[in-house]
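Visitor: Structure in C-alpha coordinates, see below.
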Amino acid sequence: MTDTASAIRAFVVENFLFGDTSCLIPDEASLIENGLVDSTGILELVGFLEDHFGITVADSEIVPANLDTIADLSAYVARKLDAAAAAAA
(Lines give C-alpha, C1' and ligand atoms only; values in the text may rest on other atoms or scores of the structure.)
Protein backbone atom coordinates (compact mmCIF):
# COMPACT_ATOMS: atom_id res chain seq x y z
CA MET A 1 0.00 0.00 0.00
CA THR A 2 1.31 3.42 -0.91
CA ASP A 3 1.66 6.35 1.45
CA THR A 4 -1.15 8.01 -0.49
CA ALA A 5 -3.46 5.05 0.03
CA SER A 6 -2.50 4.90 3.71
CA ALA A 7 -3.32 8.57 4.22
CA ILE A 8 -6.66 8.21 2.41
CA ARG A 9 -7.53 5.06 4.37
CA ALA A 10 -6.70 6.81 7.66
CA PHE A 11 -8.97 9.73 6.68
CA VAL A 12 -11.83 7.37 5.76
CA VAL A 13 -11.48 5.39 8.99
CA GLU A 14 -11.32 8.51 11.15
CA ASN A 15 -14.10 10.46 9.46
CA PHE A 16 -16.54 7.84 8.20
CA LEU A 17 -15.93 4.90 10.52
CA PHE A 18 -15.32 7.13 13.54
CA GLY A 19 -11.95 5.56 14.26
CA ASP A 20 -13.17 1.95 14.15
CA THR A 21 -10.12 0.15 12.80
CA SER A 22 -11.73 -3.29 13.15
CA CYS A 23 -13.38 -2.85 9.74
CA LEU A 24 -10.72 -3.32 7.05
CA ILE A 25 -11.61 -1.64 3.78
CA PRO A 26 -10.18 -3.36 0.72
CA ASP A 27 -8.55 -0.95 -1.75
CA GLU A 28 -11.04 -1.96 -4.45
CA ALA A 29 -14.20 -1.77 -2.28
CA SER A 30 -16.70 0.87 -3.35
CA LEU A 31 -17.00 3.50 -0.66
CA ILE A 32 -20.30 4.66 -2.15
CA GLU A 33 -21.99 1.28 -2.72
CA ASN A 34 -20.92 0.07 0.73
CA GLY A 35 -22.55 3.10 2.32
CA LEU A 36 -19.34 4.55 3.77
CA VAL A 37 -19.68 7.88 1.97
CA ASP A 38 -22.59 9.83 0.57
CA SER A 39 -22.61 13.07 -1.43
CA THR A 40 -21.53 15.08 1.60
CA GLY A 41 -18.80 12.54 2.29
CA ILE A 42 -17.51 12.95 -1.26
CA LEU A 43 -17.16 16.68 -0.62
CA GLU A 44 -15.28 15.92 2.60
CA LEU A 45 -12.97 13.59 0.67
CA VAL A 46 -12.37 16.30 -1.94
CA GLY A 47 -11.50 18.80 0.79
CA PHE A 48 -9.10 16.33 2.35
CA LEU A 49 -7.38 15.61 -0.98
CA GLU A 50 -6.97 19.30 -1.70
CA ASP A 51 -5.65 20.13 1.77
CA HIS A 52 -3.48 17.07 2.36
CA PHE A 53 -1.98 16.64 -1.11
CA GLY A 54 -2.07 20.26 -2.29
CA ILE A 55 -4.08 19.50 -5.41
CA THR A 56 -7.13 21.17 -6.91
CA VAL A 57 -10.10 18.97 -7.73
CA ALA A 58 -12.18 20.39 -10.57
CA ASP A 59 -15.95 19.95 -10.43
CA SER A 60 -15.77 17.84 -13.59
CA GLU A 61 -13.36 15.44 -11.81
CA ILE A 62 -15.80 14.66 -9.00
CA VAL A 63 -16.92 11.37 -10.51
CA PRO A 64 -16.95 7.79 -9.19
CA ALA A 65 -14.12 6.81 -11.54
CA ASN A 66 -11.84 9.09 -9.49
CA LEU A 67 -13.35 8.90 -6.02
CA ASP A 68 -15.18 5.60 -5.43
CA THR A 69 -12.46 3.38 -3.98
CA ILE A 70 -9.22 3.90 -2.10
CA ALA A 71 -7.41 2.58 -5.19
CA ASP A 72 -9.28 5.07 -7.43
CA LEU A 73 -8.51 7.93 -5.04
CA SER A 74 -4.82 6.99 -4.85
CA ALA A 75 -4.51 6.74 -8.63
CA TYR A 76 -6.32 10.06 -9.06
CA VAL A 77 -3.98 11.82 -6.61
CA ALA A 78 -0.95 10.30 -8.34
CA ARG A 79 -2.16 11.58 -11.73
CA LYS A 80 -2.77 15.07 -10.33
CA LEU A 81 0.64 15.18 -8.64
CA ASP A 82 2.37 13.88 -11.79
CA ALA A 83 0.60 16.52 -13.91
CA ALA A 84 1.61 19.26 -11.47
CA ALA A 85 5.24 18.07 -11.48
CA ALA A 86 5.29 17.96 -15.29
CA ALA A 87 3.83 21.47 -15.51
CA ALA A 88 6.47 22.76 -13.09
CA ALA A 89 9.33 21.21 -15.06
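Visitor: I need the full set of residues from region 33-54 which are in a loop (DSSP other than H, G, I, E, B) and either farther than 17 Å from Ala71 by Cβ or touching an Asp or Glu at 6+ places or on another chain (Cβ under 9 Å) (or both), in order please.
Guide: Glu33, Gly35, Val37, Asp38, Gly54
Visitor: Out of curiosity, is Ser30 free of Cβ contacts under 8 Å to residues at least 60 places away in the same chain and part of a loop (DSSP other than H, G, I, E, B)?
Guide: Criteria met by Ser30.
Visitor: Test Val57 against the criterion of being in a loop (DSSP other than H, G, I, E, B) and surrounded by 14 or more Cβ atoms within 10 Å (Cβ to Cβ), and give yes or no.
Guide: Answer is yes for this residue.
Visitor: If Ser6 meets every condition in (1) polar (S, T, N, Q); (2) more than 10 Å from Ile70 (Cα to Cα); (3) free of Cβ contacts under 8 Å to residues at least 12 places away in the same chain apart from one, which number is that one?
Guide: Unmet condition: (2).
Visitor: Mind listing whichever residues of region 60-81 are more than 18 Å from Glu33 (Cα to Cα) and either at pLDDT below 95 or not in a helix (DSSP H, G or I) (or both)?
Guide: Answer for region 60-81, where residues must be more than 18 Å from Glu33 (Cα to Cα) and either at pLDDT below 95 or not in a helix (DSSP H, G or I) (or both): there is none.
Visitor: Are any residues in region 9-27 outside any loop (DSSP other than H, G, I, E, B), more than 10 Å from the chain's Cα centre (by Cα) and touching a residue at least 12 places away in the same chain (Cβ under 8 Å), and if so, which ones?
Guide: Val13, Asn15, Phe16 - these are the residues of region 9-27 that are outside any loop (DSSP other than H, G, I, E, B), more than 10 Å from the chain's Cα centre (by Cα) and touching a residue at least 12 places away in the same chain (Cβ under 8 Å).
Visitor: Take the residues of region 1-38 that are in contact with a His (Cβ under 9 Å, 6 or more places away or on another chain) and among the aliphatic types (A, V, I, L, M): which is nearest to Val63 (Cα to Cα)?
Guide: Ile8
Visitor: What are the residue pairs meeting all of these: first residue in region 36-64, first residue without any contact (Cβ under 8 Å) to a residue 40 or more places away in the chain, second residue surrounded by 15 or more Cβ atoms within 10 Å (Cβ to Cβ) and of a type in the set (Lys, Arg), Cβ atoms under 7 Å, and 6 or more apart or on different chains?
Guide: Pairs that qualify, where the first residue is without any contact (Cβ under 8 Å) to a residue 40 or more places away in the chain and the partner is surrounded by 15 or more Cβ atoms within 10 Å (Cβ to Cβ) and of a type in the set (Lys, Arg), are Ile55/Lys80.
The values are calculated or read from the model by the stated rules, or taken from the named source; none is laboratory data. Bear in mind that the values here come from a model prediction, so they are computed numbers and not experimental data. Quick reminder, even Gly has a Cβ in these numbers, built from the backbone with ideal geometry, and neighbours come from all protein chains shown.
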